[in-house]
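**Student:** My structure is below; once you've seen it, I'll send some questions.
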Amino acid sequence: MTAAKKTALVVAPGRGTYGKGELGSIARLHGARFADRLANVDAQRADRGQPTVTELDGADRFSVATHMRGDVAAPLIYTATALDYLGIDRDRFDIVAVAGNSMGWYSALALGGAVSVEDGFRIANAMGLNSQTHGPGGQILLQVVDEDWRPVPGLRDRLSDLVADIAARPGHALALSIDLAGMLVLAGNEEGLAALLADAPPTSGRDPLRLAGHGPFHTPLMFGSSDKAKAELPVSLFGAPAIPMVDGRGHIWRRFSSDPAALWDYTFGHQILAPYDFALSVQVAVKEFAPDVIILPGPGDTLGGAIAQSLIAIEWQGIAGKSDFMARQASDPILLSMGRAEQRPLVTG
């Protein structure tokens, strides 16, 4: 008698997840099984006169200047995520919904079946280039939880008030970019970021971190990227999803009630220009679909903390802090990270 399938939510990672430790991982993990898929993405890159995914993944050494750039990071991350997803053992897991973090939304479109895997790469690859089309500025990461991943009382509100104050100053742009539950990503122009670093209250665990190679994503400063995307990527690439997809507003795109034109407009409009509430997307997905497990495809596993903190914020299944989460992971893992060598076989079989 075979064991019952577990239901799973799959969460696609975004920028910053393909790092030094991931170099060579696409070839190592997928070269044999998905040679045809790799040939397709390499051909798409070659047709645009870009270095192929195989070349970039096969570099002698990891280069922050090269590999963290949008037009390189996006195709590497998308390819690693999509091929990991295709490697999930469907005899063991019934995937009930997908979500993604920021750039991971482009991956989620393909995982959910709203676009083909090949067209998903076309989108991610184009947006990697388009993400460099923006006003000057970037992103800063701030931690708003304590060592047990519980909210520091009042810190989120103080930061919100500070951001509003700075944004009201002449010549300053600053706004929430991504809500990662335990961490906030704030984005703006150079004046706004400098003011934030000067005036930010003390944060627990880590100092405010400027994210290398990142633009002012999910703010109106990205209008150039949005305009370019809508001009370059037609609505004909989009269809209705096969699996429910939860977006950066916590909205669920369902199989029989999703308008492909509206999905296209969200993806290249709101999703680029307004805050991405990753924590809410995870919280809506677990409440709505009650998955047995959450699967985090590669590359890397850095999004695991944000997923855990999103669950802690709503005390999902009694998980109220980091210690609760770690205990649950040790006894009956709720989060399976494919980027972790010891957890990957639990997902791929």
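The values are calculated or read from the model by the stated rules, or taken from the named source; none is laboratory data. Predicted model only: the values in this text are computed from it and were never measured. Because the Cβ atoms are built from the backbone with ideal geometry, glycine has one as well, and the counts that use them run over all protein chains shown. Only protein heavy atoms, including side chains, enter the accessible area calculation; ligands, DNA and RNA are left aside. Shrake-Rupley method; radii C 1.70, N 1.55, O 1.52, S 1.80 Å.
**Student:** Run the simple label-point estimate for Ala341 and Ala194 please: 7 Å along Cα→C-beta, distance reported in nm.
**Tutor:** It works out to 4.6 nm between the two label points.
**Student:** Aspartates and glutamates near Lys20 by alpha-carbon distance under 20 Å, same-chain residues fewer than 8 away left out - which ones?
**Tutor:** Leaving aside aspartates and glutamates fewer than 8 places away in the same chain, those within reach of Lys20 are Glu55, Asp57, Asp60, Asp71, Asp84, Asp301, Glu342.
**Student:** What's the magnitude of the charge dipole for segment 76-186 around its Cα centre, counting Lys and Arg as +1 and Asp and Glu as -1 at the beta-carbon? Answer in Debye, nearest 20.
**Tutor:** 320
**Student:** Report the full-extension gain for the segment Ala39 to Ala242: residue separation times 0.36 nm, less the Cα-Cα distance, to one decimal in nm.
**Tutor:** Full extension from Ala39 to Ala242 adds 70.6 nm.
**Student:** Rank Leu142, Ala168, Pro153 by how far each Cα sits towards the positive end of the charge dipole of segment 63-175 (+1 on Lys, Arg Cβ; -1 on Asp, Glu Cβ) and give me just the farthest.
**Tutor:** So the residue we want is Ala168.
**Student:** Taking the Cα centroid of segment 81-150 and of segment 172-199, what is the distance between the two, rounded to the nearest whole Å?
**Tutor:** If you average the Cα positions of each part, the centres end up 21 Å apart.
**Student:** Another question, then. What shape does segment 190-313 take by its C-alpha gyration tensor, where a ≥ b ≥ c are the square roots of the eigenvalues and a/c under 1.5 counts as rounded, a/b above b/c as prolate, and the rest as oblate?
**Tutor:** oblate
**Student:** Now a separate question. Pop a pseudo-label 7 angstrom from the Cα along the beta-carbon direction at both Gln317 and Thr66 and give the gap in nm to one decimal.
**Tutor:** So the two model labels end up 4.2 nm from each other.
**Student:** While we're looking at this one, here's another question. In what order, largest first, do Lys287, Lys228 sit by accessible area if the probe radius is 1.4 Å?
**Tutor:** Heavy-atom accessible area, descending, gives Lys287, Lys228.
**Student:** Next question. What helices does the chain have that are whole DSSP H segments, at least 15 Å long along their own axis by Cα, and with mean Kyte-Doolittle hydropathy of -0.5 or more?
**Tutor:** Span-like helices in the chain: 70-86, 117-130, 155-167, 278-289.
**Student:** Follow-up question, since we're still on this one. Setting aside same-chain residues fewer than 8 positions from Lys287, which lysines have a Cα under 19 Å from its Cα?
**Tutor:** Of all the lysines, those that pass the test against Lys287 - Cα under 19 Å, at least 8 places apart if same chain - are Lys6.
**Student:** With springs only between Cα atoms under 10 Å apart, run a GNM on the chain and tell me which of Val145, Val98, Val115 wobbles the most.
**Tutor:** Taking springs between Cα atoms under 10 Å, the residue moving most is Val145.
**Student:** Moving to a separate point now. At a Cα cut-off below 13 Å, give the aspartates and glutamates reachable from Lys322, other chains included and same-chain residues fewer than 8 away excluded.
**Tutor:** Once the sequence-local aspartates and glutamates are set aside, what remains near Lys322 is Asp146, Glu147, Asp148.
**Student:** In addition: Among [x] 29, 26, 20; [y] 35, 27, 23; [z] 32, 26, 19, find the value of semi-axes √(5λ) of the Cα gyration tensor in Å that was calculated from the structure presented, and write down its label.
**Tutor:** The calculated read-out lines up with [x].
**Student:** Based on Cα coordinates alone, diagonalise the gyration tensor for segment 35-105, multiply each eigenvalue by 5, take square roots, and list the semi-axes in whole Å, largest first.
**Tutor:** 25, 15, 11
**Student:** Given R₀ = 41 Å, what would the calculated FRET efficiency be for Asp165 paired with Met326, taking r from the Cβ atoms and rounding to 0.05?
**Tutor:** About 0.65, to the nearest 0.05.
**Student:** Could you order Met326, Met338 by accessible surface area, starting with the largest, using a probe radius of 1.4 Å?
**Tutor:** Met326, Met338
**Student:** Label 7 Å along Cα→Cβ of Glu232; segment 107-135 residues with amide nitrogen under 12 Å?
**Tutor:** 122-134
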